[in-house]
1. For a 28 Å ceiling on Cα separation, which of these pairs sit above it: 210/267; 51/217; 87/191; 88/216; 124/342?
2. Over the alpha-carbon set of the chain, divide Rg by the Kirkwood Rh and report the Rg/Rh ratio to two decimals.
3. Among 227, 140, 315, 106, rank each residue by its count of other Cβ atoms within 10 Å, from fewest to most, as a rough exposure measure.
4. Under 17 Å between alpha carbons, and skipping anything fewer than 8 positions from residue 190 in its own chain: which lysines qualify?
5. For each of 234, 181, count neighbouring Cβ atoms within 10 Å of the residue's Cβ, then give the residues from fewest to most.
6. In debye to the nearest 20, how big a dipole does the range 266-425 give about its Cα centre with +1 on each Lys and Arg Cβ and -1 on each Asp and Glu Cβ?
7. Between residue 382 and residue 286, take the C-beta separation as r, use R0 = 22 Å, and let me know the FRET efficiency to the nearest 0.05.
8. Putting +1 on Lys and Arg Cβ atoms and -1 on Asp and Glu Cβ atoms, find which of 270, 255, 289 reaches farthest to the positive end of the dipole of the range 253-292.
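What follows draws every value from the coordinates through simple rules; no lab data is involved. Predicted model only: the values in this text are computed from it and were never measured. Methodologically, a virtual Cβ is constructed for each residue, glycine included, from the backbone with ideal geometry; neighbour enumeration extends over all protein chains shown.
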Amino acid sequence: MVNKVVIGAQWGDEGKAKITDLLAQDADLIIRYQGGCNAGHTVVAHGKTFKFHLIPSGILYKGKTCLIGNGTVILPEYFEQEIDGLKKENIDLSGLKVSPLATITMPWHTEVDGYSEDNASKGKIGTTKKGIGPTYTDKMNRIALKIQDLYSDEALNEKLDVILPIKNKQLEKVYGLKTYTKEEVLDLCKKYAEIFRPYVCFEWQELLHKFKKEGKKILFEGAQGVMLDVDFGTYPFVTSSNPVGGGAATGSGYGPTVINEVIGVAKAYVTRVGEGPFVTELTDETGNLIREVGHEFGVTTGRPRRCGWFDAVTMKYACLVGGLTSIALTKIDVFDKFDEIKICTAYKDKRDGKIYNSYPTDVYIHKYLEPIYETHKGWGEDITKVTKYEDLPLNARKYLERLEEILETPISIVSVGPDREQTIFK
Ligand code: IMP
C-alpha cells in the first residue's frame, strides 16, 4: 500500500490535475483536502476536456471513491454547477462523497471577497473572488457553517443566532453591504441541504477506517501550491489554506501516518496569477512566448498568467516545507523550440549585492532581488511523443538531471503534453 499526496510545488496551475488523474487510476480513494472552487483543474480524458474546481478528477474513473474533505470550503452553487456538468457527460457520481465537516461558503463570503478586492487601493491580493479568504476567516473565528449543520435544525438555529448579528454588523458597518435575515439564510440552507444530500457522507469515519484497514490505496489531491500556502507562501499574497503536504493530514480525516509519498508538481518554468512577488518573472518577449506556447491563462478566472524562468530557490524551499519525496515536472515540451533555457539558482540583492541561496521569507525585500541564472542549451526537437526517459534528447535529460542535482530531490514523472499518454515515468 503506497498512499500518495499530490501537491502544487509553485504558485498553483502546475498541471496537478493531469498527474492526479494519472495516479488516480491506481487509487481506491481520492481525497481533495483543502481550498475550494478557487482551484481550476483541467483534465483531458476520453477525447474531451473536463474542468474541475472542487470534485476530485478521479471521478472520471468508474468505481473510485472521491471524498471532498473536511479541510475544504464549498460554494454550494458552484458545486451544483460542477455536478450538473458531469451529469451531462454521463459521468457516474455514485462514488462522490462530501465530508459533513467541510465549511460552507455563504453569499456574504463571496460578497466580502469581491468588495475587498475591488476596493483595495494598497494590498490587493488578486483573489479569485470565490469567498475563500472570508470563509476560512470565519472558520478559524468559529462562526462558519459546516455541511452537517444543514441537516440539524438545532445546530442551524443556535449557530445563526450567534453568526448573523456579527456578520450583519460587519457587512453593514465595515463593508456597507446588504445584511441577511435569519429567514433568508434558513431558506438558503434548505436549498443547500438538497444540493449536498446525495453526497454528504455522515459515515466518513467508517469509510476511512475501512479503506485503511483493507490496505486500499489513498490519493490525496492538493489544490493551489506551496508558494500560496497561508503559512509558508508569499504571505500575504497567498490563499487561506495549507496546500503543503501536511495539509493532507488535517484536511482529510487521516493523520500524517498514512502518508507514504508526497509528489510535488512543478512546471519547467514558473507562472503566477494574482498579485505578489515573483523574482524570475519575465515581462519581455520570452515571457510572452512562454505564455503563448504554454497556453497560460487561468481556468477559473481566464486571467493571463505571469510567466518566468524556473526558480530553483523557491523550489528547493517547496521541497522542504512541502515535504516532497519526488517531483513531477510538467510542460517541459513548451521549451521544444527554445535555444536556451534558464534556471535561477540564487538571488542577488540589488542594494548591497547580498546573495541568497535559500528562499528569503520576507517577501517585502523580493522587489530588490534579481535572479542569478545558469543557462542550458535547448534540445530543438519535438518531445511530445516521447514515452521513455532514455528517448529524450540528451540536452533535455541533462537539464532534468541538473534540476535533480540542485533540488536534491528526484524527478519521478516528466510530462510532455496534456494527454495521459504524454507522460514519462522515470
Ligand atoms: P484566493 O484563493 O481566491 O483567496 O486567492 C488568493 C491567491 O491565490 C490569488 O493570488 C489567486 O490568484 C491565487 N490562487 C487561488 N487559487 C489558485 C489556483 O488554483 N491556481 C493558481 N492560483 C490560485
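1. Details: 210/267 36 Å; 51/217 25 Å; 87/191 19 Å; 88/216 30 Å; 124/342 30 Å.
Those over the limit are 210/267; 88/216; 124/342.
2. Numbers: Rg = 21.8 Å, Rh = 22.3 Å.
Checking Rg against Rh, the ratio lands at 0.98.
3. Values: 227 31, 140 11, 315 27, 106 24.
Lowest count first: 140, 106, 315, 227.
4. Once the sequence-local lysines are set aside, what remains near residue 190 is 146, 159, 182.
5. Values: 234 20, 181 10.
Ascending number of Cβ neighbours within 10 Å: 181, 234.
6. On the way: 22 positive and 26 negative charges, 78 e Å.
Dipole of the range 266-425, to the nearest 20 debye: 380 debye.
7. Numbers: r = 20 Å, r/R0 = 0.91.
The pair residue 382/residue 286 has a calculated efficiency of 0.65.
8. 255
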